[in-house]
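Heads up: the structure comes next, in structure tokens.
The values are calculated or read from the model by the stated rules, or taken from the named source; none is laboratory data. As the structure is a prediction and not an experimental result, all values here were calculated from the model. Glycine gets a Cβ as well: all are built from the backbone with ideal geometry, and neighbour counts include every protein chain shown. We work out accessible area using only protein heavy atoms, side chains counted, and drop any ligands, DNA or RNA first. Shrake-Rupley method; radii C 1.70, N 1.55, O 1.52, S 1.80 Å.
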Number of protein chains: 2
Amino acid sequence: MEAPGFRFYPTEEELISFYLQQKLQGRATQDIDGVIPVVYIYDYNPWDLPQLSGERCRNDPQLQEWFFFIPKQEREANGGRPNRLTTLGYWKATGSPSYVYSSNKIIGIKRTMVFYRGRARSRSGSKTDWKMNEYIAIDDQSSSSTNPVPS
Amino acid sequence: MEAPGFRFYPTEEELISFYLQQKLQGRATQDIDGVIPVVYIYDYNPWDLPQLSGERCRNDPQLQEWFFFIPKQEREANGGRPNRLTTLGYWKATGSPSYVYSSNKIIGIKRTMVFYRGRARSRSGSKTDWKMNEYIAIDDQSSSSTNPVPS
């Protein structure tokens, strides 16, 4: 139990440099899982996700953001586009991807998505208020090479 | 040290029902002082206050709010208006006071103030971006009486 008033309001740098890096390096502890659990989020519709959030973040009506580690889909790992369908709709990217920096170094890519109810293929979905930011870590080696960042 | 990303973002209800009530009842612990210390804030100008904040909140560039317990001035305790002058300016109320509720019960009064550089008496101060919310607890007894709230 946190002291009253203490809540998980991470910066993007903390999310990537600490939580995501710890997880990628297999150094995730129970503490980290209690804040950001692994969830196959596309198995759920967005309104079902808050109750799956970390136990240190759950059931706080004040928090309106929830955090998950999402395993890479096989098709994405093979270079394809990830499948972002759920049973009742789909997540669709909005705007352009942007970079996340730490001390002027690029540490990640951020994509913002919006959830639409309906079928992706028919392009007839209706936009909802559910939003998701996806962060992908860029590791030290690639960002210090001469051709650092996937375009 | 908090886990990365955990910060003090209290609700007004938590500030009054937990922190202020604990303090008023003399039940303040080291933990509470580490979050909200007692500071005679009018001895300082606003830009000097962040470094006096609780050790669990200090030195976090992400936090842009700081919390203090302010002992009641003698003139205020005697029914007068508190003196809100600092060496370089003064705090001036803006808008109307409002109530803070918990489960439909009034638990406090909130006043918002803005800091002006200059002398209060000459009414020639220049408004700054520094803002302060002042919370005063209303105890159970008065809020359950027939004439609950000071007007």
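A compact table of results
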read-out: Solvent-accessible surface ranking, highest first, for A:ARG27, A:ARG84 at 1.4 angstrom; value: A:ARG27, A:ARG84
read-out: Accessible area per residue, Å², the stretch A:17-151 with all protein chains present, probe 1.4 Å; value: 67 Å²
read-out: Label point 7 Å beyond Cα along the C-beta direction, distances from A:ASN104 to other copies (nm, shortest first); value: 5.9
read-out: Chains A and B, summed buried accessible surface - 1.4 Å probe, Å², nearest 100; value: 1500 Å²
read-out: Positions from the stretch B:61-82 whose accessible area shrinks by 10 Å² or more when the full protein complex is built, not the chain alone, probe 1.4 Å; value: B:GLN62
read-out: Distances in nm from A:PRO82 to the matching label points in the other copies, shortest first (labels 7 Å along Cα to Cβ); value: 4.9
read-out: At q = 0.13, 0.14, 0.15 Å⁻¹, base-10 log of I(q)/I(0) for the protein assembly as shown (Debye sum, equal scatterers on each alpha carbon); value: -1.06, -1.14, -1.21
read-out: 10 Å Cβ neighbours from other chains, averaged over peptide B:6-13; value: 6
read-out: Listed residues A:MET113, B:MET132 arranged by accessible area, highest first, probe 1.4 Å; value: B:MET132, A:MET113
read-out: Exam field: A:GLU55 pseudo-label spacings to other copies (7 Å along Cα-Cβ), nanometres; value: 2.9
read-out: Volume per residue that the Cα convex hull of the stretch B:12-144 spans, once the total is divided by residue count, Å³; value: 130 Å³
read-out: Segments B:76-83, A:101-108 sorted - mean Cβ within 10 Å per residue, highest first; value: A:101-108, B:76-83
read-out: In Å², nearest 10: area of B:ASP139 left accessible to a 1.4 Å probe; value: 80 Å²
read-out: Mean Cβ neighbour count within 10 Å, used as a protection proxy, ranking B:85-92, A:64-71 highest first; value: B:85-92, A:64-71
